[in-house]
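These notes are about the structure you will find just below.
Nothing in this text is a laboratory measurement; each read-out follows from the coordinates by a stated rule. These numbers come from a predicted model, not from an experiment. All Cβ positions, glycine included, derive from the backbone under ideal geometry; neighbour counts span all protein chains shown.
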Amino acid sequence: MVIWYEYRKALQSPIIWILLVLFLCFNYWTIQSRIDAAPELQAVNALVRTYGQVADEQALTALRKDLADKDELLSIHEYYLQAGEQLEEKFASVNWEDVAETNVSMMMLSGEAAAEMKKAYEKVEERASQMQQNKEQLHWYMDGAPARMHSFLFSEVYGLLFTETMLLVVLMTSFVTNYERDNRSLLTVMATKRGKKLMRDKLVASLLLSASAMLFLSAVTLGYYFITYDYSALMNSSVVSAFNWEWIFPLVSWSPITLGQYLIYSLLAELGLMLLICGFTYALTLVIRNVYIVFVVMGMLSLIGYLLPALMSTSSVWLFYSIYTPISMLYSMGSFMLAGGARIYPHYEMTVLLIWGSLLTITLVAARQWVKRQQF
Amino acid sequence: MSLIWIEGKKLLNWRRLILLALLNLILLFPLYEIMDLFPNGRPETDGIRLAQEIKSKYGTIVDEEEFEDFKKSYEERLAAVSTHLSTYEVLVEAGFTDYQSFMSYGGNKDEDIDLANAIDEIREQIFFKERINVFWEAQEQERLISAYERTRNGYIYRPNHSSADLAVRIQEQLQAEGKYEIYPESFFNHFQQYITYVAMMAIINAIIVMLPLYMQDKQNRVEGIQYASRRGRRLFGTKLASGVLSVVFLTLLLVIGSLLLYSFTGNRQFFDIPISSIITGFTWYNITFGQYFVLSYSGVIVLALLFGILTACLSRLVGNYMTLIGLCIPIFFLQNSYGNRFMVESIIDMRQHIWLSPIMYLSLLIGTLLLLVFIWRREGKRNIT
């Protein structure tokens, strides 16, 4: 019951609703900006429905026959036929040692960092040959090169969505946690037996608030996204399909992953991140006791996390460890569970969540001990 | 007067100063990277070297005679290029020892593929392995000369929009001194990028300083005592003055810091070049790069002040920090992603309408002042609850 009262405190403030509406308008506008890609997705859906999940020889022959029979010009399908014919060869011709070399020169790596990168790509190569055996790279998928819809959804839209969620989480958590102090009722509360436990309820309420903010914003945003861009038949397609080849290299995942799984797992990971951020904000508010300073400090910490990889020496393996922060993970959802860039070790997401989850536990315990010794 | 000082000390206490110093330290890192990225890579570095050469030899405005001399130096560079190319046997045999044929060979179907590949390799060797200056310079000088000739032939840039002002401006540009483009645009574009980031930092600082201006009194419940006295009712103005002074102080610190950082680029030497003689330097007024520099910095200071006052007004209006910060977030993001593009980055750019950025500044000013006047008049009869 107390949790519900705490939960309600943030939602009674109109600013949260104003921000939600503003954010949703902005998301709508961003999603709308790629509307040209929608018809192509329809065509790819049709391909999957007619010819099955995999663009193998059988499917391509059937498609070729169908296109020859038809008089009308189906240029998108013809384009996919041509792309599909070259797909297997194109993927097989990638030399992963060269990819590692290119990565080294693009990131200007040297010394042990360069060696580590080359070592990592031996594993990537193994995984790539496994992908070829499973024919994961041959799944029908929206062609990546011109529209870059994968990056659009998982980098641009996700980046926007979770920046907004993060802002709401920090604001609401610090507001709820500091509510009694701001309204000068803390002494009254702390004089009672139940009131002494209030801070615990506030943590639960903040976590619930963060989860609801995230669920609401992402449900509406992604709901609208998938209504606008139809991925219905592609949900079982492998994300690492060579069709989804946006930049200079194809995508490689550490384990087989379909688009549906990618979506669900990435949202779960984001939920974990938001709860982490909520927890850290809560601990900071307990110690700092000022919503304004908490917000600035959280902003500074996010900036540090964001800039950390750029501050690292390009010759040390610490460069690869410096991306193990919630902020780096939040802004690299475009390569969720994939190998690429500085993410050269598998299980990146689990590691980040585990490391920072345990750090959060320590912080919360420490903050609790600190608060216990404070005079009100 | 002493109250202004006391309020200022309250606003910028040592804890906040440390916080702001840390924040600015973090924010300065990307600014340092922007500064450090100039000149960015090969043709840009050579362009700057050429610009220095033009500046020292011909001054800020290059007339016909000097341009002929500049072309002569281009010929000299080509001669040096040919001498270097003559050391390659393949090229001598094929007769490709002059710059033009050396650069343009390859790509056509009727050409000898082996020779094209050999020439490709030599280009790779010269440009990227040996990195010979004269080749890069010749490439860049060719571009500068063609820009000069293009503008001399009357091909001046016409933006997409059309208005009476634009026609007048184009006529004016055709009459202006230094109307022919000859200086590389890299330092001008780099400054626009630099100043846009400085504007973002200034606005962040102004907002963060002003956030607690009235809110901290509200949270500490001292308004009741303040508003019971005659002087206390007028405290609104006093606090605003100390807030504005704090913003001015911090913005000036930031401006000085960013100027110091900018001095490492060495672009001060280009300050007296008219913008119209910079390639793609299309501005509404005939001013020099130095004047543009001052104008941009003034714009940043004005923006910091206006956003500071706006935040102060909001700090009085709303009831708690969450609402206050929640209101400042969309304001900041709108300004940073759209406003600054028109108000700072291309403040007098001909590609946007002549009145666009003045109107944006004016409406921001009028909006802020109206809000301020509304709150100020309310102060005298406000109830404290």
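A compact table of results
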| quantity | calculated |
| --- | --- |
| Ranked list, fewest to most other Cβ atoms within 10 Å of each Cβ, for B:114, B:165 | B:114, B:165 |
| Dipole of chain B, positive end: most advanced residue of B:306, B:359, B:273 [Cβ charges, Cα centre] | B:306 |
| 15 Å beta-carbon shell around residue B:161, net charge (K/R +1, D/E -1) | +1 |
| Sorted by Cβ density within 10 Å, fewest first, the residues B:122, B:329 | B:122, B:329 |
| Chain lengthening between residue B:18 and residue B:40 when straightened (0.36 nm per residue, less Cα-Cα) | 4.5 nm |
| Highest-MSF residue in chain A out of A:27, A:134, A:244 [GNM, Cα springs under 10 Å] | A:134 |
| Segment A:292-361: radius of gyration over Cα atoms, expressed as a fraction of 2.2 N^0.38 Å | 1.15 |
| Kyte-Doolittle mean at least 0.5 and Cα axial length at least 18 Å: DSSP H helices in chain B | B:14-36, B:186-210, B:235-263, B:289-317, B:321-334, B:356-379 |
| Label zone at residue B:149 (point 7 Å along Cα-to-Cβ), backbone N below 19 Å, segment B:45-82 | B:62-82 |
| Estimated [θ] at 222 nm from DSSP helical runs (n ≥ 4, -39500 (n - 2.57)) normalised by residues in chain A, nearest 500 | -22500 deg cm²/dmol |
| Inter-centroid distance (Cα atoms) of segment B:278-349 relative to segment B:244-266, Å | 15 |
| FRET efficiency for residue B:379 and residue A:28, using Cβ-Cβ distance with R0 set to 41 Å, rounded to 0.05 | 0.55 |
| HN-Hα J in Hz across segment A:136-151 - Karplus 6.51, -1.76, 1.60, θ = phi - 60°, x for Gly and Pro | 5, 7, 9, 5, 5, 7, 4, 4, x, 4, x, 8, 6, 6, 4, 5 |
| Dipole magnitude of chain B, debye to nearest 20 (Cβ charges: Lys/Arg +1, Asp/Glu -1, about Cα centre) | 4440 |
| Cβ-placed point charges (K, R +1; D, E -1), dipole of the protein assembly as shown about Cα centre in debye, nearest 20 | 7340 |
| Distance in nm between pseudo-label sites at residue B:333 and residue A:287 (7 Å out along the Cβ direction from Cα) | 2.8 |
| Ranked B:1, A:300, B:322, A:131, criterion: other C-beta atoms within 10 Å, fewest first | B:1, A:300, A:131, B:322 |
| Distance from segment A:313-358 to segment A:141-190 (C-alpha centre basis), Å | 20 |
| Mean-position separation - Cα centroids, segment B:144-210 and segment B:360-385, in angstrom | 36 |
| 5 angstrom amide H check on residue A:252, placed H, neighbours 5+ away | A:339 |
| Projected label distance in nm at residue B:158 and residue A:375, using a 7 Å step from Cα toward the beta-carbon | 8.0 |
| Sequence-distant residues sharing a close amide H with residue B:288 (under 5 Å, placed H) | B:275 |
| Longest segment of chain A lacking trypsin sites (Lys or Arg not before Pro) that sit in a DSSP loop with at most 12 other Cβ atoms within 10 Å | A:195-372 |
| Members of A:90/A:118; A:193/B:239; A:197/B:218; A:197/B:9 lying beyond 30 Å, as alpha-carbon distances in this model show | A:193/B:239; A:197/B:9 |
| Helix A:14-32 vs. chain A, principal-axis angle (Cα, 0 to 90°, nearest 10) | 10 |
| Integer Hz, Karplus 6.51/-1.76/1.60 couplings in order for segment A:248-253, x for Gly and Pro | 6, 10, x, 7, 10, 9 |
| On Cα atoms only, tilt of A:348-372 relative to the major axis of chain A in degrees | 0 |
